[in-house]
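Asker: My questions will all concern the structure given below.
The values are calculated or read from the model by the stated rules, or taken from the named source; none is laboratory data. In this text the structure is predicted, and so the values were computed from the model without any measurement. Here the Cβ positions follow ideal geometry from the backbone for every residue, glycine too, while neighbour counts run over all protein chains shown. Note: accessible area is taken over every heavy atom of the protein model, side chains too, but ligands, DNA and RNA are not part of it. Shrake-Rupley method; radii C 1.70, N 1.55, O 1.52, S 1.80 Å.
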Amino acid sequence: MGMTMTQKILAAHAGLESVKAGDLIEARLDLVLGNDITSPVAIKEMTKFNKEGVFDKDKIALVMDHFIPNKDIKSAEHCKCVREFACAHDITNYFDVGQMGIEHALLPEQGLTVAGDVIIGADSHTCTYGALGAFSTGVGSTDMAAGMATGKAWFKVPSAIKFNIVGKPGKWVSGKDLILHIIGMIGVDGALYKSMEFVGEGIKNLTMDDRFTIANMAIEAGGKNGIFPVDDIAIEYMKEHSKRDFVVYEADADAEYDEEYTIDLSTLKSTVSFPHLPENTKTIDEVGEVTIDQSVIGSCTNGRIQDLREAAEILKGKKVAKNVRCIVIPATQKIYLQAVREGLIETFIEAGAVVSTPTCGPCLGGYMGILAAGERCVATTNRNFVGRMGHVDSEVYLASPAVAAASAITGKISSPDEL
């Protein structure tokens with residue numbers, strides 16, 4: 001029996017000719033990621049190991065992004081801990097205020113993730129890098145500590161689900177709508193510990209920003225990872241951003257999949273995930289009258305330049321509704337600067353939105369947009385659990401940048417076509 005794309009990458013990194021679903025393997029790592037919340041725990045765990053130093057100072061990335069600039073004393077202490085660790089071990093890829101960005105947008109932009117890599121990160125959305133044809137997955141802080149010390153990690157080889165993507169999306173339909181559609185279709189545990197492998201002729205109609213969004217939210221369907229084939233679009237992105245060599249793996253023709261689905265992009269509509277699970281989806285024409293108090297455009301899922309351009313196109317020449325707070329958060333400093341140069345930031349401010357420095361901020365109920373009891377937010381983030389963005393009696397509705405921008409103008413969840 002042949003291997004899937006994910007299985008081939010894991011076999012190569014375990015030094016094995018082949019693997020199959022369920023095998024337990026030890027694989028070498030190309031990158032270990034941590035942030036300002038998870039890294040301090042890993043650093044404390046490392047003190048228990050009888051080992052000096054880290055396995056490779058060039059293959060660890062520490063990104064201060066969740067509460068940066070620090071929002072309180074505790075977050076400042078966390079960052080101080082990581083900063084001192086990075087200095088002590090001469091960590092090459094340490095990103096702090098002024099250089100940082102939201103980790104899952106920043107690392108591909110910095111050229112640290114390429115096709116064929118095995119990457120672990122102490123953040124559940126580490127699966128983002130599958131957009132470039134890498135195996136990347138989230139782990140706990142203890143596994144991050146072991147990875148920093150040894151450069152290896154244990155995995156159970158996942159089985160896979162194949163998603164055959166065909167067709168071309170219509171105006172205002174993006175990667176966010178596709179992944180919300182998929183999660184609504186299979187559920188939040190529909191891909192539990194499985195590799196979500198995206199194939200098909202329709203992928204050429206998905207930008208890299210679309211693909212990062214889709215891979216990012218594989219975890220919201222329970223997936224171990226999401227992964228895309230390495231086509232000309234991905235190769236062009238890697239050549240532009242990275243000096244590293246990459247390895248292209250392709251699934252065997254007789255690879256085994258637990259399920260297979262075909263999705264026609266031309267039939268998709270803007271999709272909204274209602275509280276309190278990402279699987280609770282409705283198409284925009286099924287939403288009804290849902291008034292909002294806040295709109296957030298940003299996060300590791302949808303804070304890239306394509307997302308900001310789309311939102312700005314809708315907001316240009318219009319005003320945010322009187323009782324709505326619209327918060328725009330570029331995902332990295334580079335994206336922020338590009339948005340400035342393109343006039344997007346001016347568009348947001350003239351519309352009555354506020355623009356924040358890159359941060360995870362409100363996505364996890366951190367800061368920069370916490371909700372009070374009874375408030376509703378439409379957000380381009382990736383989770384809408386109870387209390388995710390603030391009070392347990394608040395509500396989060398997940399949507400694309402297009403829907404979030406249109407909703408900010410109308411004061412209710414809306415399609416751009418309604419403007």
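Asker: Please specify each residue of region 61-108 satisfying the condition of being at pLDDT 95 or above, exposed (fewer than 15 other Cβ atoms within 10 Å of the Cβ) and within 24 Å of the chain's Cα centre (by Cα).
Answerer: Thr92
Asker: Before we move on, is Gly111 more than 26 Å from Met368 (Cβ to Cβ) and touching a Ser or Thr at 6+ places or on another chain (Cβ under 8 Å)?
Answerer: So Gly111 passes the test.
Asker: Quick one: which residue in Lys322, Lys316 is in contact with a helix residue (DSSP H, G or I) (Cβ under 7 Å, 6 or more places away or on another chain), farther than 22 Å from Thr213 by Cα and not aliphatic (A, V, I, L, M)?
Answerer: Among Lys322, Lys316, only Lys316 is in contact with a helix residue (DSSP H, G or I) (Cβ under 7 Å, 6 or more places away or on another chain), farther than 22 Å from Thr213 by Cα and not aliphatic (A, V, I, L, M).
Asker: Within the group Asp177, Asp245, Asp209, which residue is of a type in the set (Asp, Glu) and in contact with a strand residue (DSSP E or B) (Cβ under 7 Å, 6 or more places away or on another chain)?
Answerer: Only one candidate passes the filter, namely Asp177.
Asker: Can you name the residue in region 15-37 that is touching a His at 6+ places or on another chain (Cβ under 7 Å) and not in a loop (DSSP other than H, G, I, E, B) and is also surrounded by the fewest Cβ atoms within 10 Å (Cβ to Cβ) among such residues?
Answerer: It comes out as Arg28.
Asker: Do we have any residue at all in region 109-126 that's over 19 Å from Asp209 (Cα atoms), crowded, with 21+ Cβ neighbours inside 10 Å, of a type in the set (A, V, I, L, M, F, W, C) and without any contact (Cβ under 8 Å) to a residue 40 or more places away in the chain?
Answerer: No: zero hits.
Asker: Only residues that are at pLDDT 95 or above, aliphatic (A, V, I, L, M) and open to solvent by less than 10 Å² (accessible area, probe 1.4 Å): list them for region 372-419, please.
Answerer: Scanning region 372-419 gives Val378, Ala379, Val396, Leu398, Ala399, Ala402, Val403, Ala404, Ala405, Ala406, Ala408, Ile413.
Asker: Report whether or not Thr213 is out of contact with any Pro (no Cβ under 8 Å at 6 or more places or on another chain) and open to solvent by less than 40 Å² (accessible area, probe 1.4 Å).
Answerer: Yes; evaluated as a whole, the condition is true for this residue.
Asker: Here's a follow-up. Hey, can you tell me all the residues within region 234-252 that are open to solvent by less than 50 Å² (accessible area, probe 1.4 Å) and part of a helix (DSSP H, G or I)?
Answerer: Scanning region 234-252 gives Ala234, Ile235, Tyr237, Met238, His241.
Asker: Can you work out which of the residues in region 173-188 that are outside any helix (DSSP H, G or I) and either touching a Leu at 6+ places or on another chain (Cβ under 6 Å) or modelled with pLDDT under 95 (or both) is surrounded by the most Cβ atoms within 10 Å (Cβ to Cβ)?
Answerer: Among those residues, the one meeting the criterion is Val173.
Asker: In the set Val166, Val157, which member is aliphatic (A, V, I, L, M) and open to solvent by 10 Å² or more (accessible area, probe 1.4 Å)?
Answerer: Every option except Val166 fails the conditions.
Asker: What pairs come up if the first residue lies in region 1-16 and is more than 13 Å from Gly130 (Cα to Cα) and at pLDDT 95 or above, the second is of a type in the set (D, E, K, R) and open to solvent by 10 Å² or more (accessible area, probe 1.4 Å), and their beta carbons are under 6 Å apart, counting only those six or more places apart or on different chains?
Answerer: Short answer, once both residue conditions are applied: Met3/Asp252; His13/Arg28.
Asker: Mind listing whichever residues of region 38-84 are in a loop (DSSP other than H, G, I, E, B) and free of Cβ contacts under 8 Å to residues at least 60 places away in the same chain?
Answerer: Thr47, Lys48, Asn50, Glu52, Gly53, Lys57, Asp58, Met64, Asn70, Asp72
Asker: Would you tally the residues in region 38-60 being surrounded by 17 or more Cβ atoms within 10 Å (Cβ to Cβ), farther than 13 Å from Ala86 by Cα and of a type in the set (S, T, N, Q)?
Answerer: Total satisfying the criteria: 1.
Asker: Let me ask another. Looking only at region 316-328, count how many residues are without any contact (Cβ under 8 Å) to a residue 40 or more places away in the chain and either open to solvent by 80 Å² or more (accessible area, probe 1.4 Å) or assigned to a loop (DSSP other than H, G, I, E, B) (or both).
Answerer: 2
Conditions tested, residue by residue: (1) in contact with a Lys or Arg (Cβ under 7 Å, 6 or more places away or on another chain); (2) closer than 23 Å to Glu279 by Cβ.
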residue	(1), (2)
Arg376	no, yes
Arg383	no, yes
Ser400	yes, yes
Val403	no, yes
Ser407	no, yes
Ile413	no, yes
Glu418	no, no
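Asker: Looking for something more than 15 Å from His276 (Cα to Cα), of a type outside the set (Ser, Thr, Tyr) and in a helix (DSSP H, G or I) - is there at least one such residue anywhere in region 360-374?
Answerer: Taking every residue of region 360-374 in turn, at least one turns out to be more than 15 Å from His276 (Cα to Cα), of a type outside the set (Ser, Thr, Tyr) and in a helix (DSSP H, G or I).
Asker: How about region 253-301: which strands (runs of 3 or more DSSP E) wholly inside it have at least 2 residues that are polar (S, T, N, Q), in contact with a strand residue (DSSP E or B) (Cβ under 8 Å, 6 or more places away or on another chain) and under 22 Å from Tyr367 (Cα atoms)?
Answerer: Qualifying strands (runs of 3 or more DSSP E): 294-297.
Asker: Which residues, counting only those in region 282-301, are surrounded by 16 or more Cβ atoms within 10 Å (Cβ to Cβ), over 14 Å from Met217 (Cα atoms) and polar (S, T, N, Q)?
Answerer: Thr283, Gln294, Ser295
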